[in-house]
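A short write-up of the structure that comes next.
Every number here is computed from the coordinates shown, using simple stated rules; none is lab data. Because the structure is predicted, anything quoted here is derived from the model rather than measured. Note: ideal-geometry Cβ built from the backbone for every residue, glycine included; neighbour counts use all protein chains shown.
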Amino acid sequence: MTTFSEPPQAVVNLTSTVLSNLEDQHDWSHLEISNARSGRPLISGLPPRRLYTHPDDQIAALEHEHKTGERIFQDPETEWVLAVHLAEKWTLADFASVFDSIEHTGPRAKRIILATVHNDSTIVYYLMHEGMVKPRQN
Amino acid sequence: MSSSSSLPAPAVRISLIAGRYLVFDPEGVAALRRDSNTCGTLVGTMPQQPTQNIFLGLPIELRPEEAQALVQRGRAHVVDDAAAHQVAMHNHSRKAYIETLRKTKQTAHKVVTERNAQRSAEHADKIAQGQRKAKNVESVPLDNVSLDGASPKTPSDAQLFAVTPTTTKELLNAKTDVVCGSPNVPEAPLARHLQYNGYYMTPGLRFGARYSVYPGDPLRFHAHYMANQYAWEEEIPILDVVEGGRLATAVKKAFLIGGEEACQPGPSSDEGNVRTYSIEWAGM
């Protein structure tokens, strides 16, 4: 994948499709598109509920709630969303450049949401963490 | 995660036989599992029941990249087993080996003789009891009951049992081993990275990836990841990412992709510059 100063129209359309889906179906707010250094636009936004809690935080939260009755790790966090099409092919280098273009915030590993769009406008969302992050106990 | 002790353990002997990396020594297997987070796969069946392939035993087979990483870590050395046998057969250890074979035969002979003696003694006892009942006599002197084979005598070699040797352990020693260095296999930076960081790997077939990755011994933990390795510039179809993510999330794991970043300036560690990404379903 070459680095574009302006993303090609197809990528722009793809990103706006995902943005509409986040806004209208998933009730996200503060949605913004930023043309990241990686050459691929990234969407930032705030989900209505917290999208991800690390399993260790989950344990800590349950313990805390058990002791004090107060719930922690509940506030939604700003997420980065990368829109991709199902027919695309990405390399580890491409993913690395996307991760390198976002700032590290918080104690946990960097993460993005991979929004995969299919031709029938189905969008599936995957969490992608940098490094080895153990799975949640679903 | 890894219980890295300060004492350097002796390197485990990996036998390279017909392109497969095998460990026959039970202590070596235990050491690999305990200290080098490597389980291997049991592949040994019984010589007389080769179709019995449900419960397998020693040896364990290692994946080439596992053997490679172990050699690089100094935890094992690979020996060309066929060459080692040739060397051993052409020097003095051959005589010693023949001697151990003879001793094994003698031991087998002794054991069988003793067992036979015990059996005939029991048998004679039963006969004596039977006679007692039949004759309805209070006591019968046992003097006339002969105990066959109770006197072990040293047999000549010709009388000895034929023993099928099950190991050539006695033949080989460190002197005869032909060490072949690090396995010449394609680089497996992800497997190496995982092994260096104390993760256990088992074949990933059952979950649809290359490796199942465990945070500790697979007998104690569930796998946390299904891992696939890619080259840094290798194209990964997004569909594969979706598939992997689905499969992994369905079994409460994360899908791990990783590879070695090419040409990174600066000193490179022997572990390499591996970058990994964990993928799981976002639940939305």
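Which FRET efficiency, nearest 0.05, do A:His64 and B:Leu58 yield, Cβ-Cβ r, R0 51 Å?
FRET efficiency, A:His64 to B:Leu58: 0.55.
Set the bar at 18 Å for Cα to Cα. Now go through B:Lys95/B:Lys169; A:Lys89/B:Lys253; A:Lys67/A:Lys134; A:Lys134/B:Lys253 and name every pair that lies beyond it. Let's see the in-between values first.
Values: B:Lys95/B:Lys169 14 Å; A:Lys89/B:Lys253 23 Å; A:Lys67/A:Lys134 26 Å; A:Lys134/B:Lys253 8 Å.
As for pairs spanning more than 18 Å Cα to Cα, those are A:Lys89/B:Lys253; A:Lys67/A:Lys134.
Along its principal axes, what span do the Cα atoms of the protein assembly as shown show, with the longest given first and each in whole Å?
Principal-axis extents of the Cα atoms in the protein assembly as shown, largest first: 107, 61, 44 Å.
Explain nothing, just compute: Karplus ³J(HN,Hα) = 6.51 cos²θ - 1.76 cosθ + 1.60, θ = phi - 60°, for every residue of segment A:22-35 in order, whole Hz, x for Gly and Pro.
5, 5, 8, 8, 10, 6, 7, 10, 6, 6, 9, 9, 10, 7
7 Å from Cα along Cα→Cβ at both B:Val87 and B:Lys103: what's the point-to-point distance in nm?
According to this spin-label approximation, the distance is 2.3 nm.
How high is the FRET efficiency between A:His104 and B:Arg34 when r is their beta carbon distance and R₀ equals 35 Å, given to the nearest 0.05?
Here the calculated transfer efficiency is 0.45.
Could you work out the local net charge near A:Lys110, counting Lys and Arg as +1, Asp and Glu as -1, over the other residues with Cβ closer than 11 Å to its Cβ?
Local net charge: -1.
Check the straight Cα-Cα distances from B:Lys105 and name the aspartates and glutamates below 16 Å, setting aside those fewer than 8 residues away within the same chain.
Correct list for B:Lys105: B:Glu114, B:Asp157, B:Glu170.
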